[in-house]
Amino acid sequence: MISVTEALSHLFALVRPLGSEWVPLAEAHGRVLAQPVQALRDLPPFSASAMDGYALRNAEVAVAAQFTVIGEAAAGHGFAGSVGPGQAVRIFTGAPLPEGTDRVVIQEDVDRQGDIITVRPDPDPAPYVRAKGSDFAKGQTIAGPKTLGANDIALMAAMNIAEVPVTRRPVVAILSTGDELVMPGDTPGPDQIIVSNSFGLQAMLRDLGCETRLLPIARDTEASLRAAFSHCEDVDLVITIGGASVGDHDLVGQVAVDLGMERSFYKIAMRPGKPLMAGRLTSGAVMIGLPGNPVSAMVCGTVFVAPVVRAMQGLKAQETAQKTAPLAHDIAANGPREHYMRGRLENGQLTVFDRQDSALLTVLADANALIVRPVRDAALTAGTMVNYIPI
């Protein structure tokens, strides 16, 4: 068996970066920026008022100073003329600052009678001018690779970027195997269960920006598995679930090898998820064989599949980020495998659930954290800081 760190290193070695494509800005959210983009204009594109008030010359502002209002400037409707000594323009937030002015006196700091304004005592000294290009200038760059969030999309829109170069979505085939499985909505036989892992992993992969293909359940025969693999010729990643152990009915690894898979590793020193394998198919696709137990498959999806998918999209090849928090109670020593224990972070403390069986989906659904226990980790007392992965 190899360690989790070693397994991730092997997986990253299998990754080949995907190509890029241009998409409309409205479709770029959640995608990975493949190359830098540049602002096509300044923001603001002109010096603009930051408040409602009066635009005038700063040098002339004094208590009781008077100015003649010669016009008005609003957002989208600037004042066309020039402002001279003793003159002011009524201005509203976002309007271009008129020529000849360099300050906005807010409306609360003046008295107005007809077209004459008088500066009140103790006027706010702030100029309330947003200088041209003070947010960003034409040519300013947004660097990739990075996953584009809502704030990035807003910034690109302001930069007048209508199309965005993003990494192509990874195409992932998800294949559950086993005679005991039926699809949700079907009527299971007396020895069968409903397949669940594939749907959980599909949701996880979609959140990661993948295009997913949920293949029909493969039965525990070489013919069925070969037929299933024939549908994976044009994908980037194949996720198999189940059939990766060493039982008489666990045929996935052998069939994959018979079809030309170059196996990278098999078996990880972790709980849950020991029977995990990976390699490259003759098509060039990466294959990751996950355990069949529901919790094992989902935990391995978080620990192994998610980092691989991110690396495929050009993001940094690194393990899923961990955080730290104190334990809410004592926990026993860990054994010879790295353990990813289901638990819950509440009020800044981690509670480790009593039941850690890898078949218990209710426990996983109640969890929002995987507490990471190193190999041979000693017993820990309440308050000890431990690493965890948010889920």
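The values are calculated or read from the model by the stated rules, or taken from the named source; none is laboratory data. What you see is a predicted model; the values in this text were computed from it and never measured. Note that each Cβ is placed from the backbone with ideal geometry, even for glycine, and that neighbours are counted across all protein chains shown. Keep in mind that these areas ignore ligands, DNA and RNA; they rest on the heavy atoms of the full protein, side chains included. Shrake-Rupley method; radii C 1.70, N 1.55, O 1.52, S 1.80 Å.
Element breakdown for the chain at a 1.4 angstrom probe: carbon and sulfur atoms account for 50% of the accessible area.
The peptide list 221-234, 98-111, put in order of mean Cβ contacts within 10 Å with the highest first, becomes 98-111, 221-234. For Lys316, the lysines whose Cα comes closer than 16 Å to its Cα, not counting residues fewer than 8 places off in the same chain, are Lys146. When only alpha carbons are used to place a centre, segment 179-201 and segment 321-365 end up 27 Å from one another.
Distant-in-sequence amide contacts of Ser20, defined by a placed amide H-H separation under 5 Å and a gap of 5 or more residues or a different chain, comprise Arg168. Rounded to 0.05, the FRET efficiency of the Ala269 and Arg120 pair, given R0 = 45 Å and the Cβ-Cβ distance, is 0.05. One decimal place: the segment Thr221-Ala333 gains 36.2 nm when fully extended, by the rule 0.36 nm per residue minus the C-alpha distance.
Remark: the Met385-Asp111 segment gains 92.5 nm on full extension, using 0.36 nm per residue and subtracting the alpha carbon distance.
From largest accessible area down, sort Leu40, Leu350, Leu155; use a 1.4 Å probe on the protein chains.
Numbers: Leu40 100, Leu350 0, Leu155 60 Å².
Most to least solvent-accessible, the answer reads Leu40, Leu155, Leu350.
Rounded to the nearest 5, what is the percent of antiparallel bridges among the DSSP beta bridges in the chain? Provide the component values of the computation, followed by the final result.
Working: 53 of 79 bridges.
Antiparallel bridges: around 65 percent, rounded to the nearest 5.
The HN-Hα couplings worked out from phi for segment 310-321 by the Karplus form 6.51 cos²θ - 1.76 cosθ + 1.60 (θ = phi - 60°) are 4, 5, 4, 8, x, 7, 4, 6, 8, 5, 4, 4 Hz, whole numbers, x standing for Gly and Pro. Relative contact order of segment 1-117, taken over Cα pairs closer than 8 Å and 6 or more residues apart, is 28 percent. Candidates Ser3, Ala59, Gln87 compared by Cα position along the dipole of segment 1-133: farthest toward the positive end lies Ser3, with charges placed on Cβ.
Distance between the pseudo-spin-label points of Ala131 and Glu319 (7 Å out from Cα toward the beta carbon): 4.7 nm.
Helical runs (DSSP H, four residues minimum) scored at -39500 (n - 2.57) apiece and divided by the length of the chain put the mean residue ellipticity at 222 nm at -4500 deg cm²/dmol. Taking Cβ atoms as reference points and 14 Å as the exclusive limit, the residues near Pro24 contribute a net charge of -2, counting Lys and Arg as +1 and Asp and Glu as -1. Peptides 316-323, 175-182, 295-302 ranked from most to least packed give 295-302, 175-182, 316-323, packing being the mean of other C-beta atoms within 10 angstrom over each peptide's residues. Using R0 = 41 Å, the C-beta based FRET efficiency linking Ser3 and Asp258 works out to 0.90.
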